[in-house]
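What follows is a short report on a single structure.
Throughout, read-outs are computed from the coordinates displayed, never taken from laboratory work. Please read these numbers as outputs of a predicted model, since none were measured by experiment. Heads up, the Cβs are rebuilt from the backbone with ideal geometry, glycines too, and the neighbour counts pull from every protein chain shown.
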Amino acid sequence: MDFGFSEEQDLLRGQARDFLDKQSAPSAVRTLMASESGHDPALWSRMADLGWTAIPFPEQHGGLGLGMVDLTVVLEEMGRHVTPSPLLSSVGLAGMTLLQGGSEEQQAGWLPGLCDGSVIGTVAMVEQSGRWDARGVQMPASRKGDSYLLRGEKLYVTDAHLADWMIVAVRTAAEESGDGVTLLLVDTSSPGVSVRPVKSMDQTRRMATVSFDDVEVPADRVVGGEGRGWSVLRRGLDRTLVAISAELCGVAQRAMEMSVEYAKTRQQFGRPIGSYQAVSHKCADMLVQVESAKSLTYYAAWAVDEDVPEAPLAAAMAKAYASDAARSVTANAIQVHGGIGFTWEHDMHLYFKRAKWGETMLGDAVFHRERVAQALEL
Amino acid sequence: MDFSLTTEQARFRDELRAWLRDNLADAQSAPMAAMGAEDGVERRRSWQRRVYEAGYAGVAWPKEYGGRGLSLIESMIVMEEMSKAKAPDMINVIGLNMAGPTIIHHGTPAQKERHLRGILDASEIWCQGFSEPNSGSDLASLQTRAVLDGDDFVVNGQKVWTTLGHVAKWCILLTRTGSADEKHSGLTYLIVDMKSPGVEVKPLVQMTGDAEFNEIYFTDVRVPRENLLGGVGEGWRVAMTTLMHERATLGVALQVRSRIAFDELITLVRAAHGASGDGEAEGEGALVRQKLAQLYIDTEAMRCNGYRGLTRMLRGETPGPEGSINKLMWSEVNQRLMETALEVEGPAGMLAEGEPSAPDGGRWTYQFLRSRANSIEGGTSEVLRNILAERVLGLPRSR
């Protein structure tokens, strides 16, 4: 038993922090926030050069053959820098789902592009109901010869405006017959696909509504078998939950550090505000939440890497805890900063908004606590 | 990152499990029984003796003093397995978790020889004399005096909140040998024979009606100089070892306790409402599900926090903030757990311990009341937040 990072992982963290300190400084993040796409292809390609996009994939498909624990290290650092990047969508959502359910042929065809960063993927699952579970998938796909015909709309599709392809969850059967969900790998350039970017509160993370107007998808693009898509997607989502939790840990950690730094230097009534327990105890509570969120996230990362039976439970616990922790830590961070923390000029709102995105994406704490309750057979 | 046990560790655990299976049946199990209950003392003493004879007490202590010279992982395995099996608590909690490790660290060879075995086999029970009526959180302001007179220290003063004081043979006592303004540097750590003339123990009845703690009065108590632990004026440093060990042990032990309480709470919920299991509970039911899930998540967070702290210690690093974090979390989680239990009980939550019609004989009511002490004992939540803010985050001192 060893519940710490290896020397290599510590090196990876140091390398990631150095890189992002230079390439993803607040000024660069703000430039991207104001840009139309919110994406910097040059930064993305440098991240790919560092191997970050290849971390959790098998070597035969161009990956580094590492796991979620390693990806966690990088994502924590990216959360720390609120780096705008499609890594979560491409490596997390799309990559992990394809890795969990794609055939050998599909993996050989689609993973190498994700690994070298030349191609970006994402997942489109949520619809008007806003549900993150299988029941939320109602968009139909009808079989027409060797193809499926898609018609409908998917919401909150992260980085859809950058994606070359997306895994689209559709309903091909009623829930009673298996999970009834089918995953289809769809080229964004297919006729009938239209991507309409929406304004997101967190400008460092872009989303879009994607419409499918009689989009024809060849049957060999089914990932994981017709009507058996949800179990595959769930595995992909659980891995992405770990990834989002890791990012939230980095967000919360940095917000705490900024608060502590400010509380040490800001003087009121002739003393640093950090000498008042009303302030310092808030910071102590941040520490409790940050450390516990990390502990649960690292445990979940290990659990999905080893694919132990409690992996889904571990992922749900990490996401539930990290969601609440990041929201609470960043909100209290604004409070510790007082008026300056509420300004556009100060960076704290970037952390607060990213925390809210991460809290909501793929299900909030209430949603995942219910999953925990079900896993415990309550 | 590896959560699994090595082959040897797994074998150690399996042997322990087998031993527990064979030996627990006749050792009556009552994990939630009150700590101070008279009838419990001898039962827990004889249980500890059996554990010691089987080689599971003080597994990380040096072999020459009755331990097994194993690592902290094996200690943790013992704690986890004992708790999972609902084994009775070993009687000598202060000896095993505080006095023993402090003597191993600071004691003379003669002190180690004299005391360690007696702690392990529970032939001598220990108590802790730190807190005083006017020195709770501000421990270093304590006033119990020790004055050197020939080859003895003469001790006068009063200690409070002394667990097991009424049955203890020895007390680890923090005294003032210097002046009051020397504060930390004026403290001296003594090992005191509780049977000495001038030691008087009075039970302290708590809001539960139970008396698990005591007050101890020292009147001209003579303590031989050889019972000095560390040097004169070094009491604070030695006491920190005691408290660090308390906190490190607590990091793992408290989580295990919470987990057991959680499992028992689930049993209570099922008895009260029946299992819903369909995830579609509405209204109050859904709220309780959310609370239960969060309690489970919190206990798991404490477990993982504890493991991370343990890993740092095994790698030879200074123990991280996890000890204080877990103590702070545990007290709040345990209070929330007991509040949830009484909520689940509904009107029956108004019944007292011992009332036959109360669920589980009213022990939830007892634990509910008892849990109010969790955020006070062993460092108040306020003091723990100060520790985290000042020593971990480096914020300026608040006083």
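Packing, as the average of other Cβ atoms within 10 Å across residues, places the peptides B:183-189, A:307-313, B:7-13 in the order B:183-189, A:307-313, B:7-13, highest first. Among B:T241, B:T163, B:T267, the residue with the largest mean-square fluctuation in a Gaussian network model of chain B, with springs joining Cα atoms closer than 10 Å, is B:T267.
Apply the a/c threshold of 1.5 to the C-alpha gyration tensor of the stretch B:189-255 and tell me whether it is rounded, prolate or oblate. Verdict is oblate for the stretch B:189-255. Summarising the amide proton neighbourhood of A:D159: residues at separation of 5 or more, or on other chains, whose placed amide H is nearer than 5 Å comprise A:R206, A:M207, A:A208. With a cut-off of 12 Å on the backbone N, the residues of the stretch A:313-331 near the modelled label site 7 Å out from A:M201 along Cα-Cβ are A:327-328, A:331. With the convex hull of its Cα atoms as the shape, the protein assembly as shown has an orientation-averaged projected area of 35.5 nm². Listed by chain and number, the aspartates and glutamates whose alpha-carbon sits under 14 Å from that of A:K282, ignoring those within fewer than 8 places in the same chain, are A:E257, A:E261, B:E382, B:E390. Label sites at A:E105 and B:D22, each approximated as a point 7 angstrom past Cα along Cα to Cβ, lie 6.0 nm apart. Multiplying the residue separation of B:A286 and B:E53 by 0.36 nm and removing their Cα-Cα distance gives an extension gain of 79.0 nm. Distant-in-sequence amide contacts of B:S135, defined by a placed amide H-H separation under 5 Å and a gap of 5 or more residues or a different chain, comprise nothing. A straight Cα-to-Cα reach below 26 Å connects B:K159 with the lysines B:K112, B:K169, B:K183, B:K195, B:K202, B:K327, residues fewer than 8 places away in its own chain not being considered.
Couplings 3J(HN,Hα) for the stretch A:16-28, derived from phi with the Karplus relation 6.51 cos²θ - 1.76 cosθ + 1.60 (θ = phi - 60°), are 5, 5, 4, 4, 6, 4, 7, 8, 10, 5, x, 5, 5 Hz, where x marks Gly and Pro.
In chain B, taking the dipole from charged Cβ atoms about the Cα centre, the farthest positive-side position among B:M90, B:V383, B:L72 is held by B:L72. Within the shell of other residues whose beta carbon sits under 10 angstrom from the beta carbon of A:Q23, the net charge comes to -1, with Lys and Arg scored +1 and Asp and Glu -1.
Helices in chain B that qualify as membrane-span-like (whole DSSP H runs, Cα extent of at least 20 Å along the helix axis, mean Kyte-Doolittle hydropathy of 0.0 or higher) are B:235-273.
First check a/c for the stretch B:138-205, with a ≥ b ≥ c the square roots of the eigenvalues of its C-alpha gyration tensor; if it is under 1.5, answer rounded, and if not, answer prolate when a/b is larger than b/c or oblate otherwise. It is oblate, given that a/c is not under 1.5 and a/b is not larger than b/c.
A Gaussian network model of chain B, with springs between Cα atoms under 10 Å, assigns the largest mean-square fluctuation among B:L174, B:L116, B:L265 to B:L265. Charge tally around B:G394: other residues with Cβ under 10 Å, Lys/Arg +1 each, Asp/Glu -1 each, net 0.
For the residues A:T97, A:T360, A:T204, a GNM of chain A with alpha-carbon springs under 10 Å puts the largest fluctuation on A:T360.
In terms of other Cβ atoms within 10 Å, A:M317, A:M166, B:M76 run from fewest to most in the order B:M76, A:M166, A:M317.
A straight line joining the Cα centroids of the stretch A:269-313 and the stretch B:310-381 runs 20 Å. I'd like the FRET efficiency for A:D18 and A:R143, computed as 1/(1 + (r/R0)^6) with the beta carbon distance as r and R0 of 41 Å, rounded to 0.05. Calculated transfer efficiency: 0.20.
In this simple spin-label approximation, B:K86 and B:K195 carry label points 7 Å from Cα along the Cα→Cβ vector, and these lie 3.7 nm apart. Backbone phi angles across the stretch A:206-218, fed through the Karplus curve with coefficients 6.51, -1.76 and 1.60 (θ = phi - 60°), yield HN-Hα couplings of 9, 9, 8, 9, 10, 9, 10, 10, 6, 7, 9, 10, x Hz in residue order; Gly and Pro are listed as x. Each residue of the stretch A:74-81 is assigned a 3J(HN,Hα), and the resulting list reads 5, 5, 4, 5, 5, x, 4, 9 Hz, derived from the Karplus form 6.51 cos²θ - 1.76 cosθ + 1.60 (θ = phi - 60°), x at Gly and Pro.
Go ahead and run the numbers for FRET between A:S118 and B:E317, Cβ-Cβ distance against an R0 of 41 Å, rounding to 0.05. It comes to 0.45.
Each of B:R43 and A:Q60 was given a label point 7 Å from its Cα along the Cα-to-Cβ line. The distance between the two points is 6.1 nm. Placing +1 on each Lys and Arg Cβ and -1 on each Asp and Glu Cβ, with no other charges, gives chain A a dipole about its Cα centre of roughly 1440 debye.
The ranking of B:W47, A:W344, B:W236 from fewest to most other beta carbons within 10 Å of each one's beta carbon is A:W344, B:W236, B:W47.
You can think of it this way: the chain between A:E175 and A:T343 has 55.7 nm of extra reach, that is 0.36 nm per residue less the Cα-Cα gap.
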